[in-house]
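The values are calculated or read from the model by the stated rules, or taken from the named source; none is laboratory data. Only a predicted model underlies this, so the values are computations on that prediction, with no experimental measurement involved. Note that each Cβ is placed from the backbone with ideal geometry, even for glycine, and that neighbours are counted across all protein chains shown. For accessibility, only protein heavy atoms count, side chains too; no ligands or nucleic acids. Shrake-Rupley method; radii C 1.70, N 1.55, O 1.52, S 1.80 Å.
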Amino acid sequence: MHGLGPLLVLAGAGSGKTTMMASRIARLIEIGNSPTSILGLSFTNKAAKELHVRVKKLITRPVRGLLVTTFHSLCVRILRAHGESLGFTQYFSIFDQGDQAGAVREILRHLRIDDRSFDVDVIVFEMSQAKNRFLQGSDAEAFFFSRKHLDGAYQECIAQCYQKYHEYLRMHNAMDFDDLIFHAVSMLEGNAAVREKLNERFRYILIDEYQDTNAAQFRLVRALTQRQQNICVVGDDDQSIYGWRGADPEHILQFESQFQGVTRVTLDQNYRSTPNILELANRVIVENTKRFEKELWSTRSEGESVSVHALHDDQAEAQFVADEIGRLRQLGNMDIALIYRSNQQARLFEEFFVRAKIPYTVVGGMSFLDRKEVKDAIAYLKVIINPKDEPSLRRALGFPAKGIGATSLDACAEWAFAQNRSLYEALEQASVLAPKSAARILLFVEKIKQARAVLETLHTPERVSLWAKELFTHFGFQEALLDPDKASIRRWEHVLEIANALGQVELASTKNGCDLIHDYLSRLALVRDEPELQANAVVCLTLHAAKGLEFAIVFLVGLEEGFLPHQRVLDGMDAGGIDEERRLCYVGVTRAKDKLYLVRAKHRLRYGKLVPRLMSRFVADMESEEVMEDTSALQEDFLAKLQPGSRWE
């Protein structure tokens with residue numbers, strides 16, 4: 001019902017913000033405003049489509065000309081029509097991540113920088129961060145040199161690439177995803193005629209998830225509202241969780257000082273969760289001091305108590321979750337989610353779901369087993385126990401880089417095909433078949449043989465786990481992956497998780513390490529060969545991916561220091577800090593409609609040794625007389641199933 005002027009809507013989790021936005025747009029049209037004068041902006045195509053559909057259902061009048069779209073789609077429209085003033089034709093290309101990486105590699109070659117010395121994905125990511133902050137020239141250079149998680153060589157390399165990359169794209173009449181907003185803002189700020197035209201058209205602007213806007217998007221909004229300020233922004237500062245990619249919650253926190261005469265409306269009635277769940281959500285988020293004061297409430301019945309479970313170790317955690325989900329599904333509960341802080345945490349749960357024949361799907365990022373570095377690590381394990389596995393052998397030869405040229409490898413492959421022999425046998429003949437690369441090829445073959453010989457002498461999971469860690473280090477994974485930046489640190493952590501997993505494989509004392517690896521790889525094959533999942537599969541996703549979703553039952557797992565809050569934050573390497581980690585926890589809790597499980601492990605197996613884990617500080621914030629360590633019949637029943645003397649006990 002708000003009239004003219006800026007409107008700030010603080011829409012708490014589950015408070016019906018999409019319904020509110022659709023109703024406001026519908027009313028603007030019903031009272032006589034042309035649909036073409038209204039602009040709705042969101043961050044995803046799905047959200048934009050849903051909002052448009054809801055508006056059409058609310059009114060009988062035609063909505064032709066109503067533009068509800070994403071920031072990037074709007075900028076494509078602007079640049080297609082007016083980009084020539086920036087030197088681009090209307091048919092400019094939009095580079096995807098593969099195109100960006102290829103462009104950076106070519107630039108590095110022109111700069112005579114060995115691209116094998118740097119992770120191209122890291123360079124692309126850091127340049128994206130600069131663009132999202134709308135930084136150019138010396139400001140961008142200063143930004144790169146301020147990135148403390150990068151060493152000096154990376155900072156210097158990215159600073160050299162940034163301007164060259166801009167020139168490369170312009171030369172090829174291309175833009176990347178970040179350029180769409182970057183160039184649209186540049187054009188609007190520099191071209192008064194185009195800016196005036198768009199200000200004249202869009203008399204009412206509504207923006208969803210305003211807390212997720214970055215600096216470039218904020219400048220776009222300012223450019224579109226210079227003539228009038230009939231702007232309605234909807235968001236929740238308590239759900240600002242994308243600081244790592246440039247989103248700035250200050251935009252919503254400072255909205256009232258950036259626009260004059262702001263009306264603020266708070267939507268704090270939650271239509272999703274039970275009061276028991278909301279009580280915990282309020283209790284954890286109130287610890288953040290830099291926020292708008294609000295408290296979610298609901299008219300629903302109290303609902304079930306929140307369950308807090310502390311299991312002995314990570315295997316027990318996964319077993320407990322699988323058992324409890326199995327029990328819930330037997331009772332007819334199918335709307336279930338497993339939520340965790342980092343994708344690598346999914347691995348063990350995936351294995352236990354497969355064993356229990358629980359259908360599941362991994363969203364919010366690729367499955368742990370689909371990651372390149374994980375596939376590379378598994379390829380080495382396959383080659384060591386079966387050197388005739390040519391696809392795995394080729395993968396192992398390709399990473400980490402060994403200086404073995406394609407010509408040499410092709411010569412070996414042609415001989416193997418002609419002689420009906422394996423590629424591995426051809427590599428053993430490298431002195432004759434590929435003399436230029438023979439020394440490097442034979443060194444690789446010898447290392448594989450040595451690793452196999454050691455593996456055959458090992459008879460415990462703990463020793464195999466340590467062997468695998470040494471294997472990946474010895475073959476150069478750590479050197480190739482572990483540069484001082486967040487992306488590469490995560491990739492190295494994923495490889496270490498494979499080594500760690502081998503320490504959790506049950507092995508009879510009469511078997512050796514080769515048998516253990518074969519058992520482990522067979523188990524992974526079962527995971528990979530799962531049939532297409534049913535619609536009622538358990539949804540496995542990260543806290544970031546869970547934002548905006550809701551589930552009847554939620555298992556929030558790994559609630560330990562080092563997971564949530566993440567170790568990078570505890571080490572001071574993440575700009576978001578503890579406040580953003582707390583907001584992540586809040587997002588996780590408020591995904592649950594009817595039942596919430598908070599689950600953690602007291603110990604985690606790391607390379608064959610149980611390491612104590614501390615309960616997350618956020619669980620401590622939430623705990624009260626009603627929410628304590630669970631000693632219910634459910635957990636007593638689970639403990640009773642354990643074999644006497646097992647480590648789970």
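In whole angstrom, how far apart do the alpha carbon centroids of the stretch 547-562 and the stretch 219-259 sit?
27
Based on the mean of other Cβ atoms within 10 Å per residue, sort peptides 230-241, 197-208 so the most packed one is first. Don't jump to the answer; show the numbers that get you there.
Numbers: 230-241: 24.0, 197-208: 18.8.
Taking the mean over residues of other Cβ atoms within 10 Å, the ranking is 230-241, 197-208.
So what is the accessible area of the stretch 53-138 per residue, in Å², with the probe set to 1.4 Å?
Details: 4710 Å² over 86 residues.
Computed with neighbouring chains in place, this is 55 Å² per residue.
Probe radius 1.4 Å, ligands and nucleic acids ignored: give me the carbon and sulfur share of the accessible area of the chain as a rounded percent. Show your work: numbers first, answer last.
Values: 14130 of 28370 Å².
Answer for the chain: carbon and sulfur cover 50 percent of the accessible area.
If you average over every viewing direction, what projected area does the convex hull of the Cα atoms of the chain give, in nm²?
About 32.7 nm², averaged over all directions.
Check which residues have an amide H placed less than 5 Å from Leu267's amide H, if you skip close sequence neighbours.
Distant-sequence amide H within range of Leu267: Leu10, Ala11, Gly12.
Taking the 0 to 90 degree range and rounding to the nearest ten, how far is the long axis of helix 577-589 tilted relative to the main principal axis of the chain, both from C-alpha atoms?
90
How long is the gain from Leu86 to Lys56 if the chain were fully straight, where each residue apart is worth 0.36 nm and the alpha carbon distance is subtracted? Display every interim value, and only then the final one.
Values: separation 30, 0.36 × 30 = 10.80 nm, distance 3.69 nm.
Contour length minus the Cα-Cα distance gives 7.1 nm.
Can you find, among Thr266, Leu280, Ser298, the residue sitting farthest towards the positive end of the charge dipole of the stretch 252-310, where Lys and Arg contribute +1 and Asp and Glu -1 at Cβ?
Thr266
Top to bottom by accessible area (1.4 Å), largest first, where do Val284, Val611 land?
On the way: Val284 0, Val611 60 Å².
The ordering from most to least exposed comes out as Val611, Val284.
Over all distinct Cα pairs, what is the inverse of the mean 1/r for the stretch 60-150, reported as the Kirkwood hydrodynamic radius in Å?
Numbers: mean 1/r = 0.0615 Å⁻¹.
It works out to 16.3 Å.
What aspartates and glutamates could a cross-link reach from Lys593, if we take a straight Cα to Cα line under 15 Å and drop same-chain neighbours fewer than 8 places away?
List returned: Glu279, Glu302, Glu304, Asp335, Glu550.
Would you mind checking Lys131/Lys197; Lys388/Lys469; Lys372/Lys449; Lys290/Lys372; Lys56/Lys595 for any pair whose Cα atoms are more than 29 angstrom apart? Intermediate results must be reported in sequence, preceding the final value.
On the way: Lys131/Lys197 26 Å; Lys388/Lys469 23 Å; Lys372/Lys449 24 Å; Lys290/Lys372 39 Å; Lys56/Lys595 34 Å.
Among Lys131/Lys197; Lys388/Lys469; Lys372/Lys449; Lys290/Lys372; Lys56/Lys595, the Cα-Cα distance tops 29 Å for Lys290/Lys372; Lys56/Lys595.
Over the Cα atoms of the stretch 128-249, compute the convex hull volume and normalise it per residue, giving Å³.
115
Output the peptides 222-229, 340-347 sorted from most to least packed, where packing is the average of other Cβ atoms within 10 Å over each peptide's residues. The partial results should precede the final answer.
Values: 222-229: 16.8, 340-347: 22.4.
Ranked from most to least packed, the peptides come out as 340-347, 222-229.
Defining a contact as two alpha carbons under 8 Å apart and six or more residues distant in sequence, what relative contact order in percent does the stretch 385-490 show? Provide the component values of the computation, followed by the final result.
Working: 67 pairs, mean separation 22.6, N = 106.
About 21 percent, as a whole number.
Could you work out the relative contact order of the chain? I mean the mean sequence separation of Cα pairs under 8 Å and 6+ apart, divided by the number of residues, in percent.
Once normalised by length, the contact order is 18 percent.
Only Cα pairs under 8 Å and at least 6 apart count here; give the relative contact order of the stretch 127-211 as a rounded whole percent. Provide the component values of the computation, followed by the final result.
Working: 29 pairs, mean separation 22.0, N = 85.
Relative contact order comes out at 26 percent.
What number in nm² do you get for the stretch 251-302 if you take the convex hull of its Cα atoms and divide its surface by four? Before the final figure, lay out the partial values.
Details: hull surface 17.3 nm².
Mean orientational projected area (the stretch 251-302, Cα hull): 4.3 nm².
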